[in-house]
Amino acid sequence: MPRPNFDFGHAYDPRRLQPAARPPTRQTRRVPVRTLVGLAFVALCGAAAYAAHRTGAVDRDQIASMLGFGIDQVSLTGHRFTSDADLFDALDLKSAPSLASFQPDAIRRRFERLPWVQSVEISRVWPGQLAIRVTERKPFAIWERGETAELIDATGRQLGPIKRDAILDLPRVTGDGANVAAAALLATLDRYPEIKSRLARADRLADRRWTLELIDGGRIHLPSDGETSALARLAAEPQIAALVAKPGQIIDLRSPSKIAIRAASSAPAGGG
């Protein structure tokens with residue numbers, strides 16, 4: 001009987017029956033983005049400080065620009081009557097080329113000194129951008145002075161000159177102080193649309209009282225005090241109020257006790 005052929009060239013090794021050892025598990029930790037940004041900022045600060053040390057110059061605007069805080073782009077929105085050139089002059093980027101030297105409050109004050117600018121919102125957009133939104137004033141009336149005319153807002157602020165014969169759907173006022181007093185007068189006239197619709201111009205006399213010039217040549221003289229009560233007396237008399245629509249009638253409300261009426265041809269020159 002043949003003997004089995006045993007190969008003893010390979011000794012039994014129990015380790016061959018064990019599973020292969022796994023490499024040790026490697027645990028990873030994610031570093032928050034905020035931390036990475038902070039580290040990058042620190043590194044850039046170090047680089048900027050080293051560059052300043054090597055050159056012997058310490059310029060905060062240069063350092064800020066190296067760190068990505070230079071002002072490289074500006075967006076202007078919301079303006080219609082104010083020119084880009086005037087806004088950029090007020091911005092004065094030559095004096096503030098980076099966010100390190102940019103002073104929003106000072107910029108805002110310079111912007112609001114421009115005639116049309118009422119308010120401004122300034123936003124910093126990193127890196128190196130500014131977003132500026134302008135809110136402009138609204139024309140309220142035309143202030144005529146001699147041969148010139150200017151647009152004014154409801155506060156009386158002068159917005160800019162216009163041609164005296166310009167056709168604009170705005171009330172016209174004349175006289176010293178008329179720009180400041182116009183808003184109160186026109187608010188009172190809102191209660192009397194029959195008069196306001198026929199108003200050609202409101203003349204401010206000696207900065208004390210108004211004379212209303214009507215489109216058909218008539219006039220209404222108002223007192224220096226009690227304009228509202230004087231117009232209320234006029235409206236309370238329907239027959240007299242109807243004269244507002246009659247051409248060339250002069251209605252004098254300066255007396256607190258009576259209403260004087262006369263034709264324009266016989267009216268004396270209007271005085272204070």
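Only one of Arg208, Arg164 is touching a Gly at 6+ places or on another chain (Cβ under 7 Å) and in contact (Cβ under 8 Å) with a residue 12 or more places away in the chain; which? Full working, then the answer.
Working: Arg164 fails: touching a Gly at 6+ places or on another chain (Cβ under 7 Å).
None of the others qualify; the one that does is Arg208.
Given the criteria in the same structural domain as Ala181 (by TED's automatic domain parsing), surrounded by 16 or more Cβ atoms within 10 Å (Cβ to Cβ) and either within 35 Å of the chain's Cα centre (by Cα) or among the β-branched types (Val, Ile, Thr) (or both), does Ile251 qualify? Give the steps one after another, and end with the answer.
Details: in the same structural domain as Ala181 (by TED's automatic domain parsing): yes; surrounded by 16 or more Cβ atoms within 10 Å (Cβ to Cβ): yes; either within 35 Å of the chain's Cα centre (by Cα) or among the β-branched types (Val, Ile, Thr) (or both): yes.
Here the answer is yes, as Ile251 does meet what is asked.
When you scan segment 163-187, how many residues do you find that are modelled with pLDDT under 95 and under 25 Å from the mean Cα position of the chain (by Cα)?
Residues that pass the stated criteria total 2.
Any residue at all in segment 218-238 that is among the polar types (S, T, N, Q), buried (at least 16 other Cβ atoms within 10 Å of the Cβ) and not in a helix (DSSP H, G or I)?
Checking segment 218-238: not a single residue is among the polar types (S, T, N, Q), buried (at least 16 other Cβ atoms within 10 Å of the Cβ) and not in a helix (DSSP H, G or I).
Residue-by-condition table, conditions (1) touching a strand residue (DSSP E or B) at 6+ places or on another chain (Cβ under 6 Å); (2) within 20 Å of Arg80 (Cβ to Cβ); (3) in a strand (DSSP E or B):
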site: Pro161; (1), (2), (3): yes, yes, yes
site: Asn179; (1), (2), (3): yes, no, no
site: Leu186; (1), (2), (3): no, no, no
site: Glu194; (1), (2), (3): no, no, no
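Residues in segment 111-134: is at least one assigned to a helix (DSSP H, G or I), under 30 Å from Leu186 (Cα atoms), at pLDDT 90 or above and not assigned by TED's automatic domain parsing to the domain that holds Asp207? Can you show your working first?
In the first step, residues of segment 111-134 are kept if they are assigned to a helix (DSSP H, G or I); the result is 111-112.
Imposing the further condition that a residue be under 30 Å from Leu186 (Cα atoms) reduces the set to 111-112.
Those left that are additionally at pLDDT 90 or above: 111-112.
If we keep only those that are not assigned by TED's automatic domain parsing to the domain that holds Asp207 too, we end up with 111-112.
Yes.
Going by the structure shown, is Ala149 closer than 16 Å to Val180 by Cα and either in contact with a helix residue (DSSP H, G or I) (Cβ under 9 Å, 6 or more places away or on another chain) or surrounded by 14 or more Cβ atoms within 10 Å (Cβ to Cβ) (or both)?
Here the answer is yes, as Ala149 does meet what is asked.
The values are calculated or read from the model by the stated rules, or taken from the named source; none is laboratory data. Model, not experiment: these values are computed from the prediction. All Cβ positions, even for glycine, are placed from backbone atoms using ideal geometry, and neighbour counts span all protein chains on display.
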